[in-house]
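Comments concern the structure below.
The values are calculated or read from the model by the stated rules, or taken from the named source; none is laboratory data. Computed from a prediction, not measured in an experiment: that's the story for all the values here. Glycine gets a Cβ as well: all are built from the backbone with ideal geometry, and neighbour counts include every protein chain shown. The protein model used for the area step is the full one, side chains on, heavy atoms only, and it has no ligands, DNA or RNA in it. Shrake-Rupley method; radii C 1.70, N 1.55, O 1.52, S 1.80 Å.
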Amino acid sequence: MPYTSSSPRPPRPSDVGRSIWGGAPLPPIPERVLDGIPGFIAWLALLLSIASAVAFPRTLMLTAALVASYTAFRFCLAGIANGMGIRRIQEWASIDWYRKYLQDKTPASLDWDSVQHLVIIPIYNESMKILSRTLDQLSLQENANSQISVLLAMEAAEPDSYQKAQSLHRQYASHFANIYFTVHPRGLIGEMQCKSANLAWAVNRFFENIVDEDQLNVDNFVLTTMDADTRWHEKYFAALTYHFAISEDRHRAFWQAPIRYHGNIWQVNPLMRIINTYATAFELAYLAAPWWMAMPMSSYSLSLKLLEQSGNWDTDVIADEWHMLIKAYFATGGKVKMQHIYLPFLADSTTGSNILESIKNRYNQTLRHAWGSKEVGYMLAKLIENPEVVSFDSLKLLLRIAHDILLAGAGWIILTVGSQLPVFFHPKIAPLKLDGLLAAGDKASYIVEGFTSSHPAWLLLAIAGIVMIILVVVIQLQDYRIRPPRVRPYTFGESILELLSIPFMLVLTLLVVALPTLVAQTRLLLGIPLQFIVTDKVIDK
């Protein structure tokens, strides 16, 4: 039956800073200082790039060329790993997971039927159409009516949230083992209006009203958190049951499936689809590639026992996925691992009535995601507080967290400013001259000679640019193979716009990836808070 509660649960144990010398805790580094690290590095990169463009233009160009070469190499690896991931998805989709469980189980394995799933869906201003579509897809999972309990985490800030939850409960109660709902109050002290706070409230209410009262065994519970528009692969929970039951480290693992931004792909502006293609490819590449470390993204699973041991979600964090992994990592002394489930789930992409509105909505979504830049400082703080956990693995985790955040901020500045501004201040170092190009009889030879005979940085930049364009095309072709079928055939105008998105990708990436990332990092540096905004998404009809 549904339940709500307004009484706070007593806080669970949290991490306490300890001195390296074994005495009193070290004075904590101010949060503002740690939050501002990515923004400080980005602005430092900008100032140094401007100064170097004047004083050391060739050095700056070479630095930009090295960043471009690394980015091109990263695109190559992503293309390879994306192909590997697509093949693994095909293999995993053909597996009978219960039969595999019967083959692989050991005396230490849990009984298949004893594994229980708690699926939490945080909901704020989501339409009933999207929620019904989500629950319809979830109800297709194997043994949904006996092993899957759904917890609808509603927000009091949404009008009629209680009535919406009651309606969903009535409609879907027979489809699942249980369906519960909570209503998260507004304005609680120390909270932000964000998904993480809603999740924490919902879990605490579940412990109070269900686990404690019914004396449930949390050791057999897997918790899955998902977005309201997530549509799981029909075999996801069977595969998750298998891995949870078989693994001896079931309480030291996060499980992540690849995300595909294809839920409403044909409603997305054709110019913007390439951004979703890029995001889909890299998320799968991170999972499939042995040379990269995967991180939780959007919708993921972990044991309820691990969540409790980690102290639940924090209530003042916007980018909850990475933050939760870091909390769990240190709560277990560095023993948490990411496990992959190669059964993709669909997610909806931001849309808009026109290209400008689409760009605006995607900008706001990236701004919210880029608030995860805080995790660089959080990870550093946890390492300082827990020196006994410092190891090669923890430093690798720090590098993984910092890598994408710094590359999207400071790296983008070095690449763009470093490849353009030196020519502005020193026109003579340009590899090509417009008048020379117009006067040249063989323009192709003139261009090749200009790049090969000038500073090596220009050749590196040219090669890196060509490689990235080729890989963008490769990734686009890979994405075409796995997109859901169209309801209506391509129009001529749509085809042209989607083709134009390839040469325009640099501009689009600047507008909806680099700029919002830099804005988020600057706001963190200055201590300007961010309000959680739900971006518009239109679902396919």
Problem set entry | Search result, residues across the range 145-187 that are under 28 Å from the mean Cα position of the chain (by Cα) and on the phi > 0 side of the Ramachandran plot | 187
Seminar exercise, completed: Pairs returned, first residue in the range 223-235 that is closer than 18 Å to residue 97 by Cα, second residue that is aliphatic (A, V, I, L, M) and not in a loop (DSSP other than H, G, I, E, B), beta-carbon separation under 7 angstrom, 6 or more apart or interchain, are 232/138; 235/93
Exercise. Which of the residues belonging to the range 80-120 are of a type in the set (Phe, Trp, Tyr) and in contact with a helix residue (DSSP H, G or I) (Cβ under 6 Å, 6 or more places away or on another chain)?
Worked result: 97, 101, 112
Seminar exercise, completed: Of 165, 153, the only residue that is small (Gly, Ala, Ser), open to solvent by less than 20 Å² (accessible area, probe 1.4 Å), in contact (Cβ under 8 Å) with a residue 60 or more places away in the chain and within 22 Å of residue 348 (Cα to Cα) is 165
Exercise. Across the range 484-500, which residue is modelled with the highest pLDDT among those that are in a loop (DSSP other than H, G, I, E, B) and open to solvent by less than 100 Å² (accessible area, probe 1.4 Å)?
Worked result: 484
Exercise. What do you reckon, is residue 121 within 22 Å of the chain's Cα centre (by Cα) and within 28 Å of residue 220 (Cβ to Cβ)?
Worked result: yes
For this session: Please give the helices (runs of 4 or more DSSP H) falling wholly within the range 64-153 in which 2 or more residues are of a type in the set (A, V, I, L, M, F, W, C).
Result: 97-104, 128-138
Exercise. Restricting attention to the range 316-336, does a residue exist that is touching a strand residue (DSSP E or B) at 6+ places or on another chain (Cβ under 6 Å), closer than 30 Å to residue 507 by Cα, touching a residue at least 40 places away in the same chain (Cβ under 8 Å) and open to solvent by 30 Å² or more (accessible area, probe 1.4 Å)?
Worked result: no
Problem set entry | Count of residues meeting criterion [in contact with a Gly (Cβ under 7 Å, 6 or more places away or on another chain) and not hydrophobic (A, V, I, L, M, F, W, C)] in the range 49-105 | 2
For this session: All but one of (1) basic (Lys, Arg); (2) under 13 Å from residue 266 (Cα atoms); (3) loosely packed, with under 13 Cβ neighbours inside 10 Å; (4) modelled with pLDDT of 90 or more hold for residue 481, so report the exception by its number.
Result: (2)
Exercise. Within the bounds of the range 351-361, is there any residue that is within 14 Å of the chain's Cα centre (by Cα) and of a type in the set (S, T, N, Q)?
Worked result: no
For this session: Could you check how many residues of the range 515-528 are touching a Gly at 6+ places or on another chain (Cβ under 7 Å) and open to solvent by 70 Å² or more (accessible area, probe 1.4 Å)?
Result: 0
Exercise. Taking the stated definitions as given, is residue 375 open to solvent by 30 Å² or more (accessible area, probe 1.4 Å), outside any loop (DSSP other than H, G, I, E, B), farther than 30 Å from residue 270 by Cα and not small (Gly, Ala, Ser)?
Worked result: no
For this session: Return yes when residue 469 is open to solvent by less than 40 Å² (accessible area, probe 1.4 Å), in contact (Cβ under 8 Å) with a residue 24 or more places away in the chain, of a type outside the set (S, T, N, Q) and closer than 15 Å to residue 503 by Cα and no when it is not.
Result: no
For this session: Kindly list the number of the only condition in (1) open to solvent by less than 10 Å² (accessible area, probe 1.4 Å); (2) touching a Ser or Thr at 6+ places or on another chain (Cβ under 9 Å); (3) among the polar types (S, T, N, Q) that fails for residue 217.
Result: (1)
Problem set entry | Considering residues of the range 293-336 that are of a type in the set (Asp, Glu) and assigned to a helix (DSSP H, G or I) only, the residue farthest from residue 229 (Cα to Cα) | 308
Exercise. Within the range 273-282, is there a residue that is within 13 Å of residue 344 (Cα to Cα) and open to solvent by less than 10 Å² (accessible area, probe 1.4 Å)?
Worked result: yes
Exercise. Residues in the range 385-443 that are part of a helix (DSSP H, G or I), polar (S, T, N, Q) and under 30 Å from residue 332 (Cβ atoms): how many?
Worked result: 1
Exercise. Can you tell me how many residues in the range 501-514 are part of a helix (DSSP H, G or I) and open to solvent by 70 Å² or more (accessible area, probe 1.4 Å)?
Worked result: 2
Problem set entry | Extreme residue, nearest to residue 351 (Cα to Cα), among residues of the range 287-306 that are touching a residue at least 12 places away in the same chain (Cβ under 8 Å) and open to solvent by 20 Å² or more (accessible area, probe 1.4 Å) | 297
Problem set entry | Qualifying residues in the range 57-98 (those that are without any contact (Cβ under 8 Å) to a residue 40 or more places away in the chain and closer than 18 Å to residue 342 by Cβ) - the one surrounded by the fewest Cβ atoms within 10 Å (Cβ to Cβ) | 94
Seminar exercise, completed: Within the range 168-194, residues being assigned to a helix (DSSP H, G or I) and either under 19 Å from residue 227 (Cα atoms) or of a type in the set (A, V, I, L, M, F, W, C) (or both) number 4
Exercise. Given 203, 222, 183, 211, which one is open to solvent by less than 40 Å² (accessible area, probe 1.4 Å), modelled with pLDDT under 90 and in contact with a helix residue (DSSP H, G or I) (Cβ under 7 Å, 6 or more places away or on another chain)?
Worked result: 211
